[in-house]
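Below is one structure, written out as structure tokens; comments come after it.
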Amino acid sequence: MESGHFQGSQHQPAGPLGRHIAGFRELIEKQGYPRSTANRKIRLVIDLDQWLKRRGIEATDYDENWATVFLDYRSERGYCCRGDPTTLRVFLSHMREAGVLPYPAADINQSPLDRTTNDFALHLVTERALKPVTSNIYLFEVRRFLSHRFGTGSILLDKLSSHDISRFMLCRARTVSPRGLRLTASALRSFLRFAYQRGDISFDLANSIPPVANWRFSGVPKYLAPEQIEELLQTCDRGTSVGQRDFAILLLLARLGLRAGEVVHMRLDDIDWDTGELLVRGKASREDRLPIPRDVGKALATYIRHGRPRCSSRHIFLRSKAPRRGLANSVCICNVVRKALGRAGLDPSFKGSHLLRHSLATRMLRGGATLAEIGTILRHRLPNTTEIYAKVDLSALRALAQPWPGGRYE
């Protein structure tokens, strides 16, 4: 009967994985884990190495199935930690990236839905050149549509009709905003045209997608007053690394009007400290260089020098916990804004990162800037994109107002 004692296994001769553990240790250390956590992960892999050795399993035979058997073995003996499955998945990926293990073959037992959408996914990336975040949204909407029409059965595209599309759009209209519904319509049009060009459907059903009413300029930009912006900034505890990070993020949003995605993708190489400029990677692969205000530069320097964890990632803003890597997406930036609003006791109807972008434009407008100047700062591609801010210029609108018939205008 095999011993369940794992803790001393690192002192035994190395098994089939032994010569790869050092590289994994280096990877873990670069990801910024605390020493105790890193040591626990390394001990787990050493235990795995000894377990494979006792069973005569070669390194090239190790895969997800053996990882599951090993974890069950440990669990039966009381050596089970919540992060163990993740550690073994990361180790398996490390072995595959190093060329020691092959990547798993494509699953031939894919669902009908997967087989139908795989080629469309490739089309979005190679032919349409959509960014991953956009193509993922399109795929999500198309998969939802096909599941709504066919369930889990076979996907028979030639059976689709305009009635199926209208019924799905009406269902989606009950749960999403007009803007979200327009995105659904765009995804379906793209998919149906793709299917028509391939000959999967006989008619171009893209034309049967009903238009979505979402009138431009129907709303008023939400914004914070300048004093509220300062309250928001003061809520960051700059004595902590997270507070330094969030303070720098909020300043970039409030002083430069950056979009959340632009902040997420900022890299250390984008800052030119000599010229005081910041490279911003915007929408449609557009790149701009913006001057760095003094307070923004100071906040960035403080975070990078004192608050930013040491790791191999070149992204400026990192996760607060290991593994140390860049923030995942724009939602992380919006969460920073929402938490700051909560600490400041502010409760605007809109709480996303664009709130600070709108606030900057509004402050500039009331300070005498023209719409063209605001459009330049916000890097709008089209001049009419900036026209929405005319709605918050109350003094200019008051001058255009006409007296009510029979009444008096003041």
Pairs where the first residue, in segment 305-332, is farther than 18 Å from LEU253 by Cα and the second is part of a helix (DSSP H, G or I), C-beta under 6 Å, 6+ apart: GLY307/SER241; GLY307/GLN244; GLY307/ARG245; CYS311/LYS30; SER312/LYS30; ARG314/LEU268; SER320/VAL242
The listed residue being in contact with a helix residue (DSSP H, G or I) (Cβ under 6 Å, 6 or more places away or on another chain), assigned to a helix (DSSP H, G or I) and closer than 30 Å to LYS321 by Cβ, out of PHE145, PHE91, PHE168: PHE91
Test: residue in segment 96-105 that is more than 30 Å from ILE21 (Cβ to Cβ), assigned to a helix (DSSP H, G or I) and more than 22 Å from the chain's Cα centre (by Cα): no
Single residue of LEU268, LEU279, LEU250 found to be at negative phi, crowded, with 23+ Cβ neighbours inside 10 Å and not basic (Lys, Arg): LEU250
Qualifying helices (runs of 4 or more DSSP H) (wholly inside segment 217-279; at least 1 residues being within 23 Å of the chain's Cα centre (by Cα) and of a type in the set (D, E, K, R)): 241-256, 260-264
Index of the failed condition, ARG174 passing every other in (1) over 30 Å from THR60 (Cα atoms); (2) surrounded by fewer than 17 Cβ atoms within 10 Å (Cβ to Cβ); (3) under 22 Å from the mean Cα position of the chain (by Cα): (3)
Failed item in (1) over 21 Å from the mean Cα position of the chain (by Cα); (2) crowded, with 19+ Cβ neighbours inside 10 Å, with ARG289 passing the rest: (2)
Subset of segment 160-174 [over 15 Å from PHE191 (Cα atoms) and either touching a Leu at 6+ places or on another chain (Cβ under 9 Å) or outside the structural domain of PHE140 (by TED's automatic domain parsing) (or both)]: ARG172, ALA173
Residue list for segment 85-101, filter: among the hydroxyl-bearing types (Ser, Thr, Tyr) and crowded, with 18+ Cβ neighbours inside 10 Å: THR87
Search result, residues across segment 31-45 that are surrounded by fewer than 15 Cβ atoms within 10 Å (Cβ to Cβ) and either within 25 Å of the chain's Cα centre (by Cα) or not in a helix (DSSP H, G or I) (or both): PRO34
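The values are calculated or read from the model by the stated rules, or taken from the named source; none is laboratory data. Fair warning: this is a prediction, and the values are worked out from it, not measured in the lab. Backbone-built Cβ (ideal geometry, glycine too); neighbour counts: all protein chains shown.
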